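In what follows, a single structure is set out as structure tokens and then discussed.
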Amino acid sequence: MTEQGKVEWMRVGDLSLVPAGTSKVFTVDRYDVAVFNVDGTFYALENACPHQGGPIADGWVEGLEVTCPWHAWCFDLRTGKMTLGDFAVIPRFAVRADGSGIFLSTTPLEEL
Ligand code: FES
């Protein structure tokens, strides 16, 4: 159990697993988390589109927006919120990456 509001980190792999311009899915506890590297800045969203569960990690990234590969709903990588409407949001995870690896929060930020 974590103290409320405190991030519990899990190392998921080496930094080299997610080069700039790519994304990769990691399993953290009961979540599949899509980690995106946009020009050296990392973002992490649950790998399940709120529409029908599409694999958001396989979406197209343009700027800070990812488009779901199944039916093209678009989301802001920073907030997880839809960019063409405000009725859907993807849970976000805290992510940090440095020479010692990529680390994810073990629960979505919204649950901390
Ligand atoms: S499952 Fe993502 S837009 Fe339909």
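The numbers here are math on the coordinates, done by the rules we state, and not lab data. These figures come from a predicted structure and were not determined experimentally. Counting neighbours? That spans all protein chains shown, and the Cβs are built from the backbone with ideal geometry, glycine included.
Modelled label positions at residue 72 and residue 60, each set 7 Å beyond Cα in the direction of Cβ, lie 0.8 nm from each other. Basic side chains Lys and Arg get +1 at the Cβ, acidic Asp and Glu get -1 at the Cβ, and with that the dipole of the chain about its Cα centre reaches some 100 debye.
Shape class for the chain, computed from the alpha carbon gyration tensor (a ≥ b ≥ c): oblate, with a/c not under 1.5 and a/b at or below b/c. If you model segment 15-76 as an ellipsoid using its alpha carbon gyration tensor, with each semi-axis the square root of five times an eigenvalue, the axes come out at 18, 15, 8 Å, biggest first. Counting every other Cβ atom within 10 Å of each residue's Cβ, 110, 65 order from fewest to most as 110, 65. DSSP bridge analysis restricted to the chain gives an antiparallel fraction near 100%, rounded to the nearest 5.
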